[in-house]
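One structure is given here, and the rest of the page talks about it.
The values are calculated or read from the model by the stated rules, or taken from the named source; none is laboratory data. Note that the coordinates shown come from a computational prediction; the quantities given were computed from them, not determined experimentally. Cβ sites come from the backbone with ideal geometry, for glycine too, and all protein chains shown count toward neighbours. When the accessible area is computed, the model is the full protein with side chains, heavy atoms only, and any ligands, DNA or RNA have been set aside. Shrake-Rupley method; radii C 1.70, N 1.55, O 1.52, S 1.80 Å.
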Amino acid sequence: MLIAVFLPLIFACLIPFLSKWKQKVHTGWFVLPIPFSIFLFLILKVGKQFSPISQSYAWIPSLNINFDLYLDGLGLLFGLLISGIGTLVVLYSIYYLHKTEQLSHFYVYLLMFMAAMLGVVFSDNVYALYSFWELTSFSSFLLIGFWNHRKGSRYGALKSMLITVFGGLSLLAGLILLTIVTDTTSIQAMIDQKDVILNSNYFGWILGFLFLGAFTKSAQFPFHIWLPDAMEAPTPVSAYLHSATMVKAGIFLVARFLPIVSLSEWFFFIVSGIGIITLCWGSFIAVRQTDLKGILAYSTISQLGMIMAMLGFGTDAAIFAAVFHILNHATFKGSLFMVAGIVDHETGTRDIRKLGGLMTLMPITATLALFGTFSMAGVPLPFLNGFYSKEKFFKTSLELEEASGIVQALATAMPVLAVLGSIFTFVYSMYLVFGTFRGEYKEDELPQKPHEAPFGMLISPMILVIGIIVIGLFPHLVNGSFLAHAAEAISGHESHAHIKFWHGFVPPLYMSLAVVALGTLLVITRKRWNSIYNVVPGTLTFNRVYDWLVDRTELFSSKITKTYMTGSLKLYVQLILIAIILGTISMLLITNGLNLEATDLARIRLPELLVVGMMVLASIATIFTNNRIAAILILGVVGYGLSILFVLYRAPDLALTQLIIETVTVALFLLVFMHLPKLEKRNESKGSIVMNATIAISFGAMMTIVGISSYTSKWFESISGYFLETSKSLGGGSNVVNVILVDMRGLDTLFEICVLGIAALGIYGMIKLRRKKEAK
Amino acid sequence: MEIITSMLAGILFATGVYNLLQKQMLRIIIGTALLSHGAHLFILTMGKLKRGKPPILVEGVENYVDPLPQALILTSIVISFGVTSFLLVLAYRASLLNETDNMEELRGSDHE
């Protein structure tokens, strides 16, 4: 399993070399075996006797974080979707993307996503889950922005990134709280402790954070706005990430944590409420879209809402229906995206107003689209899987438990809202297929002359459509083998669901028939309703909120940055110094480090006092002198004074070095100063003088206080004794300072020499530069 | 005595900082030199002053001055020499090329 997760990542590293190696072969052919082999690996696990597998690898043992992998029915279902649809998408992309595109980039991103998504569904550790979760957002960003020369691509990529990463951070907060409460990082262990979580004070926060993460990822209302913009990605990406897999990660999250989150009394209200709003809103907005992929994007939003709503019902039957619909949605929506891609590829446009009458020109594509849309619309025919799950949705919405207050109101409204959403679903589905393939053929408006797509491009949607029909005709094939396991993994008890086409004349059937009847009516009279669809401002409002927020944040941060990044080095130094002063003083006060009662002092003697007094005067004089030579000489006075102090304080080596260095420095100053402009009289404003003086004096005072305090409070035993004792035995020298420098801390001295070397090289370079210029 | 040297170190820091905040490059370099003097004195003071003989081992002497601060300061003196000389040449080149040694006039022009 570890290999399954990391195989795509490892292979992603090889892609650039492979595509260089055989340039004539489409890179996609190299990639194709990866998802296919993972698919085969997973499909072998399918069966009635399936039981969860868990594996653990040490990752960060010191933090008690292990790389736990856990494969249960839910993970298996998602794993099959990821690898299965992944295989078909790679196959499709081989024909969709031309060899001149940056294919190695594309497939690296795609494999990265595949690994991340498998990681999300297989990991049992919350931190591993989070890491993979963010990696999916990141690879989605890269894939949406694949055609990065387009403005829309960049905008869409940034939008999806900001929204999903915002949700990801919120998810992280929720996961951290869960870890704190349960003291474990394993999801299964958390589920075992659900009572502890329910009774903890953080339960509400955990819930909120997890839902925020799930809703942003799964494009639930009002975070759905990123998904339509994500359609700027190449169509294989839209089919894969933005309909079949990544957007279902949020649903996966809710399903995975269902035993915990469903304990809340608000669970149904929040999840189903948001889900059903998303369903109705998404399908309503989808009707007025003119872009094929736009319709599909809003349709995906609404379908995700429907799955979310079913999870929110929380009953066993509803959970089963949700799982069933996850599979069905992947089949019909995947095939529809591919069909949209084919239409785009062959006609050069995705604008449904320009399309029409393609039935005769692209008969196979049209047939595929027919199956896909009818399944999506839930038309009651025994060979369409979409009908089964929609029927189950209606059925479970009627079976909601009794509750009180506002929750009851939502439960009562649920079947009505479900039908409403489904009517619009029916309308846009019909609009999609008939608008594209029937009606008037507008040859002049099409950028290219359309013809049937190459066979390779048709294979993938064809397989998916066959999937629709097979699941429709023989639902028990998928039920027993893995859907039941998936439902069981979510709810925790065995699933007894059966999928039947004919239940008799029961309310769900009436609901389906009503949807078809009303939907047909709306489609036929569509022209009259057009104005109404367009009246509602729709998603624009939420998009505006998003744009406004992004704009404001950018403005705000650039304003703040401009106030202190002025380019004036003086200001920077001032800010740094103020920060040091404030930080040190506050730390002194916080840690009670202030201690001015100095004891055990050396005696004060006259020669030292004289030297100190001279140095004080000299250092202050550097400020007031306006003569260059005087300034340099006064600086020399300070340096020599210091070396006298070194002598008095019994540091012979220091005194020697200081004397030599001071002499050389003064000589160097005198060498350079002739070339420097004369010192000007300061013509600063009073305010700036006061400011500088305040900073300087408080810095000096701070250093004095720190010096005295640290002199008095010795918190640690000095290590100097060690050097004195071992200087002779280990270092073989009696001058302890020398031994420390060249032996005990020899490496430090080596680096010191390096610093000098670098300085020398710099100086040499700068002087050389002048020579060259002068030579010219 | 340690208190007096601490104060001297503080004064050296204060005058160093004040010079550092000036506009002319020569003053800034003088400031850094003063700062390093202050730091050396600061380190030396923390190791206690005059508690024994210089740290050169001689038979029969038990008390020595703390050798560790001295080793640190020795390193620091050499490094600050390197920095000062580098700064000096840099200032010389910069003022030659830009015909000013005023830091406020040397700020970059682009803010993007």
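Things to note:
- Accessible carbon and sulfur surface of the protein assembly as shown relative to its total accessible area, %, 1.4 Å: 67
- Solvent exposure of chain A, expressed per residue, is 44 Å² of accessible area, with all protein chains present and a 1.4 angstrom probe.
- Computed FRET value (nearest 0.05) for A:GLU725 with A:LEU761, which takes r as the C-beta separation and R₀ as 56 Å: 0.90
- FRET efficiency, A:LEU473 to A:TRP59 (Cβ-Cβ, R0 51 Å, nearest 0.05): 0.65
- A helix-only calculation puts chain B at -23000 deg cm²/dmol for mean residue ellipticity at 222 nm, using -39500 (n - 2.57) for each DSSP H run of at least four residues, averaged over all residues.
- Spatial separation of Cα centroids for the stretch B:22-62 and the stretch A:392-443, in angstrom: 82
- Rounded to the nearest 500, the 222 nm mean residue ellipticity of chain A from helices alone is -23500 deg cm²/dmol, with -39,500 (n - 2.57) taken per DSSP H run of at least 4 residues.
- Ordering of A:740-751, A:200-211 by burial proxy (mean other Cβ atoms within 10 Å per residue, highest first): A:200-211, A:740-751
- Checking every one of the GluC sites (Glu not before Pro) in the stretch B:1-81 against DSSP loop status and a limit of 10 other Cβ atoms within 10 Å picks out B:GLU59, B:GLU62.
- Ordering of A:97-104, B:28-35 by burial proxy (mean other Cβ atoms within 10 Å per residue, highest first): B:28-35, A:97-104
- Simple spin-label estimate for B:GLU105 and A:PHE624 in nanometres, 7 Å along Cα-Cβ: 2.8
- Contour excess over end-to-end distance, with Cα ends at A:THR520 and A:HIS498 and 0.36 nm allotted per residue: 4.9 nm
- In this view, the solvent-accessible surface of B:LYS23, computed with a 1.4 Å probe and all protein chains in place, comes to about 70 Å².
- Reported to the nearest whole Å, the Cα centre-to-centre distance from the stretch A:26-68 to the stretch A:196-265 is 22.
- Measuring against 28 Å, Cα to Cα, the residue pairs A:LYS248/A:LYS293; A:LYS217/A:LYS442; A:LYS24/A:LYS293 contain A:LYS217/A:LYS442; A:LYS24/A:LYS293 as the ones spanning a longer distance.
- Surrounding net charge for A:LYS354, when Lys and Arg each add one and Asp and Glu each subtract one, Cβ distance under 15 Å: -2
- Label-point separation, A:GLU440 to A:PHE455 (7 Å along Cα→Cβ), nm: 3.7
- For the stretch A:569-722, relative contact order (Cα pairs under 8 Å, six or more residues apart, normalised by length) works out to 34 percent.
- Each Lys and Arg adds +1 at its Cβ and each Asp and Glu adds -1 at its Cβ; summed about the Cα centre, the stretch A:607-705 shows a dipole of about 320 debye.
- Cβ-Cβ FRET estimate between A:MET587 and A:MET674, R0 fixed at 60 Å, reported to 0.05: 0.85
- Formal net charge of residues neighbouring A:ILE364 (Cβ-Cβ distance under 14 Å; K, R +1; D, E -1): -2
- Shielding score for A:687-695, defined as the mean number of other chain Cβ atoms within 10 Å: 2
- Where A meets B: accessible area buried, both sides, 1.4 Å probe, Å²: 8400
- The simple spin-label model puts a point 7 Å past each Cα toward its Cβ; for A:MET565 and A:TRP715 those points are separated by 3.5 nm.
- For chain A, the longest principal axis of the C-alpha atoms and the axis of helix A:606-624 are separated by about 60°.
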